[in-house]
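Novice: Can you read through this structure? Questions will come right after.
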Amino acid sequence: MSVTAIRVSVLYVFTTLAVRLMGKRQIGELQPTELVATILISNIAAIPIQDNDLPLVNTITAVLMLVCFEVINTVISMVSLRYRRCVQGSPVIIINNGVIDQKQMQRLRLTVSDLMSALRQKNIFNIEEVLYAVVETDGKISVLQKAQYRPATVSDMMEGGDEDSFYHTVIVDGKPDKEALTASGYTLQQMISILKNAGTNMKNTFILSINRKGEHTVIRKE
Amino acid sequence: MKRFVISIIILIVIACAAAGVNHRLQRNVNSICEALQTIIESAPNAAQKELNEQAEEVLRIWKKDAAFLHMVEIHRTLEEAEQTITALPQLTKTVSREELILKCIEAAQQLRNMNRSEQVLSENIF
């Protein structure tokens, strides 16, 4: 049982690292750790079904441990932004104002065909229509179209089309997200000033998201 | 946070249970091996009655621990040792002393190997 427990721990860490190294395009719709837990649990649970010689207690121990690791991972990810980045990665902008970031594409080992396929699935057939395309941590591609190509909403009809409605989440759970801050084009001092005007501070802010026009949303911690 | 604490508790319980299982496994295997060793040492000179009693003693110890061993060990690793031990009372009467000693050595060795494969050693983990 001790050997099983240690082997499960080693395999969990090793498989998570392997999935992280494989990159976002291999993940599908799950986070790396969720994928690892799913793969390992399904395999571990299947073996004793096929082989009656194996004691069930080892399987139960292994599955229980994987579930615990997954829960611990999730909680630490909620608390620590650095840990979350390390385990899950961070979203990557691959199209900015109709221009493909080829370096990021290469880094993600994402082909143009993959990108075009993802865009077509969102009824976009011309890259120029895209304001932002972001590869999420689960490998999905989120796309924001330029205002002139987006279906009009009631808000657009009343206020006119808003070109840059891409909001960067610059403060999460009381901590600044430096990457998002850089991408947003604002400084930390400006964020502190916005929070001060909103009658709060960084520590008490759950989320602060902002777009290039300075429109922002502040959600305080409960 | 509640789930986090529960998960940590479960992992601690698993670690303690694993250590407990290892300790009990080692103790059980040692007691069976000691009983087998008694037969191995006394077989050349012991009277038939004494040998029968020793074989019954091994079987008694085995029966006491068999359920636990089957719960924590791969069944096929136990099978050969189990066959020899459960047949020991008959073997003392039907086979030669040399053959009996050989069977006992084999059974003890299988149990020791099984025990060794459960020890927290780098060769067992990797």
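The values are calculated or read from the model by the stated rules, or taken from the named source; none is laboratory data. Keep in mind it's a predicted model, so treat the numbers as computed, not measured. Every residue, glycine as well, gets a Cβ built from its backbone with ideal geometry; the counts of neighbours run over all protein chains shown. Protein only, heavy atoms only, side chains kept; ligands, DNA and RNA dropped before computing areas. Shrake-Rupley method; radii C 1.70, N 1.55, O 1.52, S 1.80 Å.
Novice: Which of the residues that make up region A:56-69 are surrounded by 19 or more Cβ atoms within 10 Å (Cβ to Cβ) and either at the interface with another protein chain (Cβ under 7 Å from one of its Cβ atoms) or within 19 Å of B:Glu73 (Cβ to Cβ) (or both)? Walk me through it before giving the result.
Specialist: As a first pass, look at region A:56-69 and keep what is surrounded by 19 or more Cβ atoms within 10 Å (Cβ to Cβ): A:58, A:61-62, A:65-66, A:68-69.
If the condition is that a residue be surrounded by 19 or more Cβ atoms within 10 Å (Cβ to Cβ) and either at the interface with another protein chain (Cβ under 7 Å from one of its Cβ atoms) or within 19 Å of B:Glu73 (Cβ to Cβ) (or both), then A:Asn58, A:Thr61, A:Ala62, A:Met65, A:Cys68 are the ones that fit.
Novice: Quick one: B:Arg116 ticks every box in (1) at pLDDT 85 or above; (2) touching a Lys or Arg at 6+ places or on another chain (Cβ under 9 Å); (3) surrounded by fewer than 17 Cβ atoms within 10 Å (Cβ to Cβ); (4) within 14 Å of another protein chain (Cβ to nearest Cβ) except a single one, so which number is it?
Specialist: (2)
Novice: When only residues in region A:1-33 that are open to solvent by less than 20 Å² (accessible area, probe 1.4 Å) and among the small types (Gly, Ala, Ser) count, which is modelled with the highest pLDDT?
Specialist: A:Ala5
Rundown of residues vs (1) in contact with a Leu (Cβ under 7 Å, 6 or more places away or on another chain); (2) closer than 30 Å to B:Ile14 by Cβ; (3) not basic (Lys, Arg), yes/no style:
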position: A:Met65; (1), (2), (3): yes, yes, yes
position: A:Gln104; (1), (2), (3): no, no, yes
position: A:Asn123; (1), (2), (3): no, no, yes
position: A:Val134; (1), (2), (3): no, no, yes
position: A:Gln145; (1), (2), (3): yes, no, yes
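Novice: If you don't mind, another one. Every residue in region B:98-111 that is surrounded by 15 or more Cβ atoms within 10 Å (Cβ to Cβ) and either of a type outside the set (A, V, I, L, M, F, W, C) or within 14 Å of another protein chain (Cβ to nearest Cβ) (or both), please.
Specialist: B:Lys103, B:Gln110
Novice: From B:Leu36, B:Leu11, which residue is within 14 Å of chain A (Cβ to nearest Cβ) and part of a helix (DSSP H, G or I)?
Specialist: B:Leu11
Novice: Please tell me if B:Val72 is within 14 Å of chain A (Cβ to nearest Cβ) and under 30 Å from B:Ala19 (Cβ atoms).
Specialist: Here the answer is yes, as B:Val72 does meet what is asked.
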